[in-house]
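Asks: Quick one: structure below, then a few questions.
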Amino acid sequence: MLLDGFSRRARTLAATAALAIGFGATGTMTAAMAADLTLYSGRGETLVAPIISAFTQETGINVNVRYGGTAELAILLQEEGDRSPADLYWAQDVTALGAITGMFTALPQETLDKVDAVYRDNNGRWVGISGRSRLLAYSPERLAEDELPQTMAELTDARFSGRMALAPTNGSFVGHVNALRVAEGDAFTLEWLQGLAANDPVIVRNNTAGYQAIADGEADIMLTNNYYLGRFLASDPDFPVAQATFTEGDIGNLMMTAGIGVLATSDHADEAVQFIDFLLGPVAQQYFTGNVYEFPVSGSGIVPVAGMGVTFDEAVAAAPEFDLNTLTDLEKREAGLI
Amino acid sequence: MVGALMVLPLWYLVLRAFEADFETVMRLLARPRTVQLMLNTAALTAGVLAFSTLIALPMAWLVSRTDLVGKRVVNVLAVMPLAVPGYVMAYALIGLAGNYGFLNQTFGFALPRPQGWWGATLALTLYTFPYLYLNLRAAFTGLDQSLEESARALGCTPRQVFTRVTLPHLMPALLAGWLVIGLYVIGDFGAVALMRYEVFSYVIYIQYSAAFDRVYASWLALILIAIALTVVWWESRLREGAHYARTGSGSGVGTRITRLGPLGQVAGWGFVSSVVIASIGLPVAVLAFWMTRGPLAASLPAVVDSFGQSLSVAVPSAMLAAMMALPIAVLAVRYPSPLSTLINRLAFIGYAVPSLAFALAFVFFSLQGVPILYQTHLLLVSVYALAFLALALGPIRSALYQARPSVEEAARALGHGPVSTFARVTLPTIRPGIIAGMVLVFVIAMKELPIAFLLAPTGFRPLSITMFSRTSEGMLLEAAPYAAAIIVFSALFVGFVLRHDKKAGG
């Protein structure tokens, strides 16, 4: 009896498993057969899937996407080396691109020329796709505009003690610290980081958690990226967080970029470049600005969404002159924050 | 074979570790901060073990030894928290409190935000206690009650019966549960980081994600594994020192049920409902709150499709893990030898290696050895089965300890061969253990992330990845339907399996 019961269960389970495998396999099989390009995307599916399908519609080239964390995918590419099945790698930030620059092939000059020199690799191996500026998020209820710090260096002031949210492991923060090292030197940066650490910051997991901490009243201010506010406001117009820039030209207003490169091992380099050209075209640039709340890096006449914090023009006016190419040095273990 | 596969990740890590510059390694390890983080890890582990025992032990007793009304429902509810992904639990606890949280916006009062040691302990306890519960329930159900009756007949008070007979016989299950929870806590990163508590696994993650460094991360991972294997070694020392037996027939004796009385029923349900509200109610309420506020971008067909893909990995992984665990458990319990002990300890490597490092090892070896398998369904399922083998092993081994060898010997004496004896006598007896093991693997495979990132076929979108690619861009509202789907579908599946498992729930 018991045995019968058991084997019946086993049979049902086996049947379920077989069905399930069949289900999953057909899904992936059809995708693999029709796929022309393989993209490793550190950018989230909701943000980029619509623009990828627009590309497929326009060109007939299918893109098979592996979504994952930007860092995990960079490490995966390192491990795969020249056996990588990927044609393209799309990262949230420049530091991740820097980590595997050696694996990219040089892009054609025409493609590179679509963006300003600050948004691309000196050797032409990756190119920025959408801009994201660093700035301040703060609580307008608890901080008046004239109380805001004028420079990023001022964040170590005692008046922000215990009031500042900080996401030390966030890729953009790491990139920003590296930029500070380039701009002001190691000694200054180390002192600044130690100042932050001593200022009793509210350590948060990521930028989203930081915005939430400000809304919740646990922190009043944070050095962060611009586009999150738009995403919060889109679902909750009353979200109680505002944005501001530092003084014009301060390193705190650094303009960073999400970017993409073509793997040297790709068999479809032409189609891959075609994909990048599409992302730099007016349709995609308008999409990143209007729907993703990031900034355009190419073209003109892109219409922003009103009321989503600091605007592109303000951010560009405030941004320091800075070469993103210098952000490939990745040492940052000293200050004890991470 | 399984043992050999388990050694692969270690080999990989050592390979990478030897690329390192020794001085930098020492500088990295000798920081006072490293020591502090290790102490934090120890404190967190101790806290989670203590609290999960306080929840799981009474829960398992109520379900298997009392006449609590609605035991079957409680049995399913007690396992469901496993289906809650760690970061959802953490987001739920965070989203609940605070000025802009769910409570304040819905009911107009704010709680202090849970964080630090307390927050991390609370979050981890609430979704790991079912590991212990499942082990304990199987042990209560399999425990030969005639032993307790004999003790009572010999004049022991109920309390003495519990401490001298029941508790020692529950020890293998307690240890197995503690081991799995302990290893989980040592390796967990996501929920702990959201609670702003920093532990050792954090440093490893930083090495990979902020420094893109596989060499020094390997050193740190090896240290973590060394700690984990020490824990495994202690557990098996404690377990193997004891002897367990049955005296009764092993099948016919009905379970003795404690009558609770009206007051006891109320108290029992009070306990059960507060645990259920905290562990299931909270995350579900917060997800529901997000879903009402967010644009329901995810249409139902997309969620169902994604669920089908999750299922296509989780179900075969669970079955494969159980199939691998069975011979290992039989070896350990019935044929103890240095070799079987070694294989049993090796089985825990998969669970103890940080999953990013584990996945990288299989990227490396499959590209070197069998590139045709790289990023295929088959590889993903096999790696999951190896990674979660330890989860299946615990309950099966506990069940085997309680299955009486003398019944097997009788079957042999009656002319049954070893295979026939195993299939007709042993297997039916340990069935609850096997099912519990499969449920554990299934549920964790539904929500697993780093391994899926690296080894899933490109274009494959199980619920966990679909959810991640929304939370990673700060789109919590869009992620909510997928997180909810993980919980609901896993819970339905677990409920279905447990319902059809006639022995479950006593």
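Asks: I need the helices (runs of 4 or more DSSP H) fully contained in the stretch B:142-209, keeping only those with at least 1 residues that are buried (at least 21 other Cβ atoms within 10 Å of the Cβ) and of a type in the set (Gly, Ala, Ser).
Replies: Values: elements: B:145-153, B:158-161, B:167-187, B:190-194, B:200-209.
Output list reads B:167-187, B:190-194, B:200-209.
Asks: Restricting the search to the stretch B:466-490, which residues are buried (at least 23 other Cβ atoms within 10 Å of the Cβ) and either under 20 Å from the mean Cα position of the chain (by Cα) or of a type in the set (D, E, K, R) (or both)?
Replies: B:ARG470, B:GLU473, B:GLU478, B:ALA483, B:ALA485, B:ILE486, B:ILE487, B:SER490
Asks: Can you spot a residue in the stretch A:181-203 that is in a strand (DSSP E or B), under 20 Å from A:GLN243 (Cβ atoms) and under 25 Å from the mean Cα position of the chain (by Cα)? First the steps, then the outcome.
Replies: First, pick out the residues of the stretch A:181-203 that are in a strand (DSSP E or B): A:202-203.
Now narrow it down to the ones that are under 20 Å from A:GLN243 (Cβ atoms): A:202.
Next cut, under 25 Å from the mean Cα position of the chain (by Cα) only: A:202.
Yes, some residue in the stretch A:181-203 is in a strand (DSSP E or B), under 20 Å from A:GLN243 (Cβ atoms) and under 25 Å from the mean Cα position of the chain (by Cα).
Asks: For the stretch B:22-46, name all the residues that are of a type in the set (D, E, K, R), within 13 Å of chain A (Cβ to nearest Cβ) and either open to solvent by 80 Å² or more (accessible area, probe 1.4 Å) or at positive phi (or both). So that I can check it myself, show each step before the final result.
Replies: Here is the first cut: in the stretch B:22-46, the residues of a type in the set (D, E, K, R) are B:23, B:27, B:31, B:33.
Subset that is within 13 Å of chain A (Cβ to nearest Cβ): B:27, B:31, B:33.
Hit for the stretch B:22-46 is B:ARG27, nothing else.
Asks: Do you know which residues across the stretch B:21-45 are under 26 Å from B:ALA387 (Cα atoms), touching a residue at least 60 places away in the same chain (Cβ under 8 Å) and of a type in the set (A, V, I, L, M, F, W, C)?
Replies: B:LEU37, B:MET38, B:ALA43, B:LEU44
Asks: What pairs come up if the first residue lies in the stretch A:199-227 and is closer than 11 Å to A:LEU136 by Cα, the second is among the aromatic types (Phe, Trp, Tyr) and open to solvent by 20 Å² or more (accessible area, probe 1.4 Å), and their beta carbons are under 7 Å apart, counting only those six or more places apart or on different chains?
Replies: Pairs that qualify, where the first residue is closer than 11 Å to A:LEU136 by Cα and the partner is among the aromatic types (Phe, Trp, Tyr) and open to solvent by 20 Å² or more (accessible area, probe 1.4 Å), are A:TYR211/A:PHE232.
Asks: For the subset of the stretch A:293-338 comprising residues that are within 14 Å of another protein chain (Cβ to nearest Cβ) and at pLDDT 85 or above, which member is least open to solvent (accessible area, probe 1.4 Å)? Break it down stepwise before answering.
Replies: Initially, the stretch A:293-338 is screened for residues within 14 Å of another protein chain (Cβ to nearest Cβ), giving A:293-294, A:308-309, A:327-338.
Retained after the next criterion (residues that are at pLDDT 85 or above): A:293-294.
On the way: A:TYR293: 44, A:GLU294: 2 Å².
That would be A:GLU294.
Asks: Filter the stretch A:160-184 down to residues that are among the small types (Gly, Ala, Ser) and touching a Leu at 6+ places or on another chain (Cβ under 8 Å) and give me whichever is nearest to the other protein chains (Cβ to nearest Cβ).
Replies: Filtering the stretch A:160-184 for residues among the small types (Gly, Ala, Ser) gives A:161-162, A:165, A:167, A:171-172, A:175, A:179, A:183.
Adding the requirement that they be touching a Leu at 6+ places or on another chain (Cβ under 8 Å) leaves A:175, A:179.
Values: A:GLY175: 10, A:ALA179: 15 Å.
Applying the filter and picking the extreme gives A:GLY175.
Asks: Here's a follow-up. Name the residues in the stretch B:273-292 that are surrounded by fewer than 15 Cβ atoms within 10 Å (Cβ to Cβ) and either at pLDDT below 85 or not in a helix (DSSP H, G or I) (or both), would you?
Replies: Across the stretch B:273-292, the qualifying residues are B:ALA288, B:THR292.
Asks: Within the stretch A:133-145, which residues are open to solvent by 10 Å² or more (accessible area, probe 1.4 Å) and of a type outside the set (Phe, Trp, Tyr)?
Replies: Here is the first cut: in the stretch A:133-145, the ones open to solvent by 10 Å² or more (accessible area, probe 1.4 Å) are A:138, A:140-142, A:144-145.
Of everything in the stretch A:133-145, those that are open to solvent by 10 Å² or more (accessible area, probe 1.4 Å) and of a type outside the set (Phe, Trp, Tyr) turn out to be A:PRO140, A:GLU141, A:ARG142, A:ALA144, A:GLU145.
Asks: Only one residue in B:GLY248, B:GLY308, B:GLY261, B:GLY270 is at pLDDT 85 or above and more than 14 Å from chain A (Cβ to nearest Cβ), so which one is that?
Replies: Numbers: B:GLY248 fails: at pLDDT 85 or above; B:GLY308 fails: more than 14 Å from chain A (Cβ to nearest Cβ); B:GLY261 fails: at pLDDT 85 or above.
Being at pLDDT 85 or above and more than 14 Å from chain A (Cβ to nearest Cβ) holds for just one of B:GLY248, B:GLY308, B:GLY261, B:GLY270, which is B:GLY270.
Asks: Determine, yes or no, whether B:VAL353 is farther than 19 Å from B:MET438 by Cα, among the β-branched types (Val, Ile, Thr) and buried (at least 21 other Cβ atoms within 10 Å of the Cβ).
Replies: On the way: farther than 19 Å from B:MET438 by Cα: yes; among the β-branched types (Val, Ile, Thr): yes; buried (at least 21 other Cβ atoms within 10 Å of the Cβ): yes.
The answer is yes for B:VAL353.
Asks: Being under 26 Å from B:LEU54 (Cα atoms), within 14 Å of another protein chain (Cβ to nearest Cβ) and touching a Ser or Thr at 6+ places or on another chain (Cβ under 6 Å) narrows it down to one residue among B:VAL199, B:VAL192; which is it?
Replies: Details: B:VAL192 fails: touching a Ser or Thr at 6+ places or on another chain (Cβ under 6 Å).
Just one listed residue meets the conditions, B:VAL199.
Asks: I would also like to ask the following. When you go through (1) at pLDDT 85 or above; (2) surrounded by fewer than 24 Cβ atoms within 10 Å (Cβ to Cβ); (3) among the hydrophobic types (A, V, I, L, M, F, W, C) one by one for B:LEU380, which number turns out not to apply?
Replies: So B:LEU380 meets the others, but not (2).
Asks: Could you list, in sequence order, all residues of the stretch B:203-231 that are within 20 Å of B:GLY190 (Cβ to Cβ) and among the polar types (S, T, N, Q)?
Replies: Passing the criteria: B:GLN207, B:SER209.
Asks: Then there is this: Could you check, for the stretch B:56-75, whether at least one of its residues is out of contact with any Gly (no Cβ under 8 Å at 6 or more places or on another chain) and within 21 Å of B:GLY187 (Cβ to Cβ)?
Replies: Checked the stretch B:56-75: no residue is out of contact with any Gly (no Cβ under 8 Å at 6 or more places or on another chain) and within 21 Å of B:GLY187 (Cβ to Cβ).
Asks: So, one more: Specify the residue that is most open to solvent (accessible area, probe 1.4 Å); the eligible residues are those in the stretch A:43-53 that are within 18 Å of A:TYR293 (Cβ to Cβ) and not charged (D, E, K, R). Steps first, answer last, please.
Replies: So the first thing to find is which residues in the stretch A:43-53 are within 18 Å of A:TYR293 (Cβ to Cβ), and the list is A:43-51.
Okay, now just the ones that are also not charged (D, E, K, R), so A:44, A:46-51.
Details: A:GLY44: 1, A:THR46: 36, A:LEU47: 7, A:VAL48: 1, A:ALA49: 34, A:PRO50: 61, A:ILE51: 6 Å².
Only one residue tops the list, namely A:PRO50.
Asks: Within the bounds of the stretch A:212-224, is there any residue that is touching a Leu at 6+ places or on another chain (Cβ under 9 Å), within 8 Å of chain B (Cβ to nearest Cβ) and of a type outside the set (S, T, N, Q)?
Replies: From the stretch A:212-224, those touching a Leu at 6+ places or on another chain (Cβ under 9 Å) are A:212, A:219-224; that's our starting set.
Now drop any that are not within 8 Å of chain B (Cβ to nearest Cβ), which leaves A:212.
From what is left, the residues that are of a type outside the set (S, T, N, Q) are none.
No; the residues of the stretch A:212-224 include none that is touching a Leu at 6+ places or on another chain (Cβ under 9 Å), within 8 Å of chain B (Cβ to nearest Cβ) and of a type outside the set (S, T, N, Q).
Asks: Working only within the stretch B:402-431, note down all residues that are open to solvent by 50 Å² or more (accessible area, probe 1.4 Å) and outside any helix (DSSP H, G or I).
Replies: Once the filter is applied, which keeps residues that are open to solvent by 50 Å² or more (accessible area, probe 1.4 Å) and outside any helix (DSSP H, G or I), the stretch B:402-431 yields B:ARG404, B:LEU414, B:GLY415, B:HIS416.
Asks: Which one of these does B:ILE444 not meet: (1) open to solvent by less than 10 Å² (accessible area, probe 1.4 Å); (2) under 21 Å from B:SER355 (Cα atoms)?
Replies: (1) is the only condition that B:ILE444 fails.
The values are calculated or read from the model by the stated rules, or taken from the named source; none is laboratory data. Bear in mind that the values here come from a model prediction, so they are computed numbers and not experimental data. Please note: Cβ atoms are built from the backbone with ideal geometry, for glycine as well, and neighbour counts cover all protein chains shown. Accessible surface areas use protein heavy atoms only, side chains included; no ligands, DNA or RNA. Shrake-Rupley method; radii C 1.70, N 1.55, O 1.52, S 1.80 Å.
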